[in-house]
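Structure first, commentary second.
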Amino acid sequence: MRICIDAGHGGADIGAVSAGVREASVAWQIAHAAAGRLRALGRLVVETRPEAGDGDALRRDLARRRDVASSCGLLVSVHCNASDSATANGAEAYVPVGATPVSRLVAGMAIEACRASGFHGRSHDGTALGAVRRESESQHPRLAILHLTRHAALIEVGFITHAGDRERLVDHAAAIGARLAEGIDAGLRRAEEYTIEVEVPAPPAPEGWV
């Protein structure tokens with residue numbers, strides 16, 4: 001199954017900004033590292049933002065991003081959270097309403113990976129899955145990016161507005177991405193162990209995308 005790694009925001013959309021740190025930049029560093037590690041683990045991966053600058057208008061186009069994601073069976077969108085409260089911190093994940101078991105497993109293992117990277121899991125019950133929420137619990141009633149593939153999860157790795165999270169995000173982005181990839185891979189392997197249907201047809205990725 002082809003995996004789409006989406007680095008949140010990009011181009012003119014820089015996402016949240018705190019202390020001069022842009023969400024789009026940090027999300028790309030983490031997502032690009034995750035894609036590289038997944039490839040090393042033998043997974044087939046495409047990236048919606050394969051280049052850091054993302055200056056190419058074609059790669060920046062949201063319709064193009066949808067085209068890339070729709071060629072995949074699983075999409076993981078990487079973001080950094082933000083809050084008016086400087087004390088809000090930690091990682092959480094969102095899945096579509098009616099999410100597949102694969103989506104929830106991948107999201108839960110991604111939260112475990114964030115915990116291993118030093119982030120607090122924003123869980124209601126202390127478990128990793130307790131930090132996995134329905135999209136309707138986010139700031140938006142529907143997260144369009146989660147409806148482009150059969151299996152999908154949006155990971156808010158940490159709060160860019162929290163000093164400790166922000167320092168960790170900036171200083172350890174590559175390591176965080178590698179751990180996130182290992183969490184995604186572990187979630188997929190666990191789904192395979194439980195014989196949950198994972199595979200879906202994977203049409204070719206749009207030309208020019210890696």
- Item | Three-way shape label, the range 74-116, alpha-carbon gyration tensor, a/c 1.5 | prolate
- Could you pull the Rg and Dmax for the range 88-193, using just the Cα atoms, both in Å? 13.1, 39
- Along its principal axes, what span do the Cα atoms of the chain show, with the longest given first and each in whole Å? 44, 41, 34
- Message: Mean Kyte-Doolittle hydropathy of 1.0 or higher plus an axial Cα length of 27 Å or more: which whole DSSP H helices in the chain meet both?
- Response: none
- Give, in nm to one decimal, the length gained when the segment between Glu51 and Val97 is fully stretched (0.36 nm per residue of separation minus the Cα-Cα distance). 13.4 nm
- Over the chain, what is the mean sequence separation of C-alpha contacts under 8 Å (at least six apart), divided by residue count, expressed as relative contact order in percent? 30
- Message: Given R₀ = 25 Å, what would the calculated FRET efficiency be for Arg134 paired with Arg39, taking r from the Cβ atoms and rounding to 0.05?
- Response: 0.25
- Item | Rounded Å value of the spacing that divides the Cα centres of the range 118-163 and the range 1-38 | 15
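None of the figures in this text is laboratory data; all of them are computed from the coordinates on show. Since this is a predicted model, take the numbers as computed values, not measurements. Ideal geometry is used to build each Cβ from the backbone, glycine not excepted, and the neighbour counts take in all protein chains shown.
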